[in-house]
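Reading through the structure tokens given below for one structure.
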Amino acid sequence: MRTIALLPAGTVSDEAARLLFQDEEINCKYHRMISDVFMSTVNKISEYSIIPIENTIDGSVSLHLDWLIQEVDLPIQAEWVYPSIQNLIGRKSELVNEAGELDFTKVKKIISHPVAMAQCLHFIRDNMPHVETEHVGSTSESVRIVRDNPEQGIVAIGTKLAAKNNNLDVLVSKVTDHDNNYTRFFLVGDKPFKLNKEAITKTSLLITLPEDFPGALHQVLSAFAWRKINMSRIESRPTKKKLGSYHFYIEILMSSDQLLFQSSVQEIEAIGCQVRILGSYPSYKYEQLL
């Protein structure tokens, strides 16, 4: 049985883990802080960590990416996407009117993680503009608060899994403002991972430019471009050494064992750049895992 570190039970991370490992039993180690998720695998308490890295609506999760490139040395072993579907959760018996319909005027407070709340602003404004909002550490925590505070007019935004775990009702399903709200996850750890499913191969690398080399970034990108190597993502992150000093996180649609990729890295290193391979791994689409 694999041991997996991840964010709290009932979060989107929890649902995503069950999709990736659907064919096997796993032992989940839940943590409130992403730092504890990473350190669980660093300290060999867990075999892998599951890290949300990017969201369709909110973009890169900068804190998580910085931990991956600054604080730990855990290779990326896989990536996959999962729909971030949020739902309005509470006790239906407390919030219906005499006609048996859901009455939003009975709601006094709505609580959730700030990112989840931001993904549902249109729904909140259209249906509960009068309601007080409160941010907590995770969507699963917000659902537990609703569970522990009956008859208070409190509802939460969270997953169906969290509602089920806490014996609460899904009052309204799919309250996110956009239907294409997906989160991309990394599986990080020392052991290689691959499913018997179709996948493309990606390679993530971190490039640090020489400080006294004008046009270095252009030459880095040219090393990939003239070889017709596709880049799917490039993002600058501060080195945290001094103001204006940046790493460049790059994702390549190619395995690191390909000669074209290796020659491009040699060319980049020849101009004085530092190159760190963060992982070469299968990339699964949501539909491929169903």
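Data table
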read-out	value
All positions within the stretch 236-259 that are more than 26 Å from the chain's Cα centre (by Cα) and either at positive phi or surrounded by 14 or more Cβ atoms within 10 Å (Cβ to Cβ) (or both)	GLY244, GLN258
Where GLY137 falls short, out of the listed (1) crowded, with 17+ Cβ neighbours inside 10 Å; (2) outside the structural domain of MET33 (by TED's automatic domain parsing); (3) closer than 20 Å to SER35 by Cα	(1)
Helices (runs of 4 or more DSSP H) wholly inside the stretch 182-290 that include at least 3 residues being under 30 Å from GLN86 (Cβ atoms) and touching a residue at least 60 places away in the same chain (Cβ under 8 Å)	286-289
Some residue of the stretch 78-96 being crowded, with 19+ Cβ neighbours inside 10 Å, small (Gly, Ala, Ser) and outside any strand (DSSP E or B)	yes
Any hit, the stretch 195-217, residues being touching a strand residue (DSSP E or B) at 6+ places or on another chain (Cβ under 6 Å) and within 30 Å of HIS122 (Cα to Cα)	no
Single unsatisfied condition, ALA223 versus (1) touching a Phe, Trp or Tyr at 6+ places or on another chain (Cβ under 6 Å); (2) surrounded by 15 or more Cβ atoms within 10 Å (Cβ to Cβ); (3) among the small types (Gly, Ala, Ser)	(1)
Restricting the stretch 150-162 to residues that are modelled with pLDDT under 95 and more than 25 Å from ILE53 (Cα to Cα), the residue that is surrounded by the most Cβ atoms within 10 Å (Cβ to Cβ)	GLY153
In the stretch 112-141, residue nearest to VAL175 (Cα to Cα) [restricted to those that are assigned to a helix (DSSP H, G or I) and among the hydroxyl-bearing types (Ser, Thr, Tyr)]	THR139
One residue from ASN230, ASN181, ASN165 being modelled with pLDDT of 90 or more and surrounded by 13 or more Cβ atoms within 10 Å (Cβ to Cβ)	ASN165
Candidate set from the stretch 48-75 (those that are among the polar types (S, T, N, Q) and in contact with a helix residue (DSSP H, G or I) (Cβ under 8 Å, 6 or more places away or on another chain)); member that is surrounded by the most Cβ atoms within 10 Å (Cβ to Cβ)	SER49
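Table: residues versus (1) in the same structural domain as GLY10 (by TED's automatic domain parsing); (2) in contact with a helix residue (DSSP H, G or I) (Cβ under 8 Å, 6 or more places away or on another chain).
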| site | (1), (2) |
| --- | --- |
| GLN77 | yes, no |
| TRP80 | yes, yes |
| ARG91 | no, yes |
| GLU94 | no, yes |
| GLU98 | no, no |
| GLU101 | no, no |
| PHE104 | no, yes |
| LYS109 | no, no |
| HIS113 | no, yes |
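The values are calculated or read from the model by the stated rules, or taken from the named source; none is laboratory data. Here the structure is a predicted model, which means the values were calculated and not measured. Cβ atoms come from the backbone with ideal geometry, glycine included; neighbour counts cover every protein chain shown.
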